[in-house]
Amino acid sequence: MLSFPGESVHIMRYKDVHDRMETLYPYFLYDLFGKELDSLPVTDGENSYWLIPLIIGFDTGDVPWSVGNPYLRLVGYALVDSYNGDIQLLKTGDDFFTDMFASQYSEQFQPMPAWLEEQIRYPVELFNWKTEMYNIYHVTNVETFIQANEFYEIPRGLDTYYVEAKPPGFEQTEFLGLLSLELRGSQGRNLAGYMVVENDLEKLGDMQFYEVPLDSDTKLIGPTAVREALDRDPEFAQLKTLLRNPRVGDNILYRVGDHDVYFIPVYTAGAGGVVAQLGTIAAVGAAFNGEYFVGLGQTQEEAFEAYLKKVSGVASTTTTADDDYVELVRSDRIDIIKLVFETNGISVSEPTAIQIPVSFNEGELFFFTESDRADTEEFLLEFIDDFVKPRTDRVFMWQEDTNLNIGTVLVKDELPEIHYVSIEVGN
């Protein structure tokens with residue numbers, strides 16, 4: 001503004017999309033239960049936009065049996081241009097309250113663009129709220145409602161998943177929101193059922209609940225119990241000893257054919273690990289009639305195939321190992337590590353101990369199975385390029401507990417320092 005005082009300057013205020021919407025359209029809710037609404041980035045192929053749900057809420061404090069729960073409805077969405085901040089309002093609801101707001105902002109509402117239909121997602125906050133309401137108000141028997149012994153709940157730590165799935169009754173695979181529910185207060189932590197919400201524009205917000213009857217002979221384990229089922233599997237117990245600080249990821253329930261299956265990624269390093277990679281994928285059958293069925297594989301297809309073999313009795317549920325998971329003998333692992341250096345013209349010296357004033361750990365890795373071999377070789381080649389060649393043609397290798405350390409000594413400002421990497425090779 002100071003450089004061009006004689007020219008008009010266009011300045012955009014309220015660049016935060018929620019602040020912008022709240023200033024221009026204050027009657028909608030942009031904060032639900034203390035959390036800001038999730039806004040989605042969308043594009044028409046040229047320009048980028050923020051898609052913000054337009055949710056209205058009314059106080060129900062004077063409504064009997066409401067327990068103070070608000071009345072919430074989705075009117076539509078706001079499409080905010082990420083470049084210039086222009087806003088279009090899009091209507092998706094068809095109830096009285098939607099028509100009321102549409103008439104209030106009639107000049108701002110525009111027809112739904114065709115390119116956006118495939119990118120719409122039902123608001124996760126509204127889906128969670130509707131599910132929470134269903135957890136209580138699906139009980140229609142007064143006595144049962146007062147006793148509160150058939151209420152559902154969302155398992156602790158579980159979030160809504162948006163996945164492509166084909167639940168019973170669907171003719172084809174669709175993009176759905178899914179939330180598993182457990183019976184409130186139940187010690188068994190079985191799956192009471194799961195709720196799905198559709199995202200197609202024609203059926204946007206349609207919800208269906210798939211219930212597991214309480215008197216069913218076959219129970220479905222819930223998200224809380226699926227980790228226990230995985231830990232009890234003997235094959236996974238053996239594999240877990242080969243992985244370095246394994247971290248079990250989220251469990252997502254899928255309907256594959258006639259099977260309800262949890263797919264769980266297992267990582268080989270903790271969240272703060274230097275090197276983290278996918279160690280295996282577990283397919284855990286949700287159906288439980290006294291026995292768990294767990295399949296392991298490097299892909300979800302392999303894991304599901306292993307699961308089917310156990311269900312059909314083709315494969316034993318006792319410990320088995322795939323070729324990719326066969327543990328190499330410790331001496332073989334060390335020989336493979338040495339060979340990487342020797343094939344690159346670098347000799348390996350093995351002192352009993354290293355005493356250097358300054359040391360730098362340049363990375364850590366584990367090496368237990370054949371499937372780890374390629375990553376280990378690549379890891380060592382990067383170390384050779386960065387710290388060994390062309391400075392020297394010799395490295396030092398020494399052992400500390402289950403770790404194998406390989407390093408090279410450099411002299412900087414007349415002070416020797418060793419740069420090394422650690423590879424866990426086990427006992």
(request) Kindly indicate the residue of the stretch 32-81 that is of a type in the set (Gly, Ala, Ser) and within 21 Å of Val17 (Cα to Cα) and also nearest to the chain's Cα centre (by Cα) among those meeting that condition. (result) Ser39
(request) Check whether at least one residue in the stretch 378-390 is surrounded by 17 or more Cβ atoms within 10 Å (Cβ to Cβ), part of a strand (DSSP E or B), of a type in the set (A, V, I, L, M) and touching a residue at least 40 places away in the same chain (Cβ under 8 Å), and report yes or no. (result) no
(request) Could you give me the residue pairs with C-beta distances under 6 Å whose first residue belongs to the stretch 357-369 and is assigned by TED's automatic domain parsing to the domain that holds Phe379 and assigned to a strand (DSSP E or B), whose second residue is loosely packed, with under 15 Cβ neighbours inside 10 Å and at pLDDT below 90 wherever it lies, and which are 6+ apart or on separate chains? (result) Gly363/Val274; Glu364/Val274; Leu365/Val275
(message) I'm trying to understand the selection: among the residues of the stretch 145-200, which are free of Cβ contacts under 8 Å to residues at least 60 places away in the same chain, among the hydrophobic types (A, V, I, L, M, F, W, C) and buried (at least 17 other Cβ atoms within 10 Å of the Cβ)?
(response) Phe151, Ile154, Leu176, Leu179, Leu181, Leu183, Ala192, Val196
(message) Checking the structure you have, find out if any residue of the stretch 344-361 is under 30 Å from Thr299 (Cβ atoms) and either modelled with pLDDT of 80 or more or in contact with a Pro (Cβ under 9 Å, 6 or more places away or on another chain) (or both).
(response) no
(message) Residue under question is Leu204, and the condition is that it be more than 25 Å from Glu301 (Cβ to Cβ) and modelled with pLDDT of 80 or more; does it hold?
(response) yes
(request) Give just the number: which of (1) farther than 26 Å from Glu305 by Cβ; (2) surrounded by fewer than 17 Cβ atoms within 10 Å (Cβ to Cβ); (3) not small (Gly, Ala, Ser) does Gln238 not satisfy? (result) (1)
(request) Report yes if some residue within the stretch 216-233 is in a strand (DSSP E or B), closer than 26 Å to Val124 by Cα and without any contact (Cβ under 8 Å) to a residue 24 or more places away in the chain; otherwise report no. (result) no
(request) Give the residue that is nearest to the chain's Cα centre (by Cα), with candidates limited to residues of the stretch 185-214 that are of a type in the set (D, E, K, R) and closer than 25 Å to Val294 by Cα. (result) Arg189
(message) Tally up the residues in the stretch 269-302 that are assigned to a helix (DSSP H, G or I), at pLDDT 90 or above and either touching a Cys at 6+ places or on another chain (Cβ under 6 Å) or within 15 Å of His259 (Cβ to Cβ) (or both), please.
(response) 1
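Residue-wise test of (1) surrounded by 11 or more Cβ atoms within 10 Å (Cβ to Cβ); (2) charged (D, E, K, R).
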position: Gly45; (1), (2): no, no
position: Ser48; (1), (2): yes, no
position: Gly76; (1), (2): yes, no
position: Gln88; (1), (2): yes, no
position: Phe101; (1), (2): yes, no
position: Glu107; (1), (2): no, yes
position: Tyr122; (1), (2): yes, no
(message) I'd like the residue in the stretch 107-154 that is among the charged types (D, E, K, R) and more than 30 Å from the chain's Cα centre (by Cα) and, out of all such residues, is farthest from Leu40 (Cα to Cα).
(response) Glu143
(message) I'd like the residue in the stretch 309-333 that is surrounded by 19 or more Cβ atoms within 10 Å (Cβ to Cβ) and modelled with pLDDT of 70 or more and, out of all such residues, is nearest to Phe366 (Cα to Cα).
(response) Arg333
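The values are calculated or read from the model by the stated rules, or taken from the named source; none is laboratory data. Just so it is clear, the model here is predicted, and its values are computed rather than measured. Cβ: placed from backbone, ideal geometry, glycine included. Neighbour counts: every protein chain shown.
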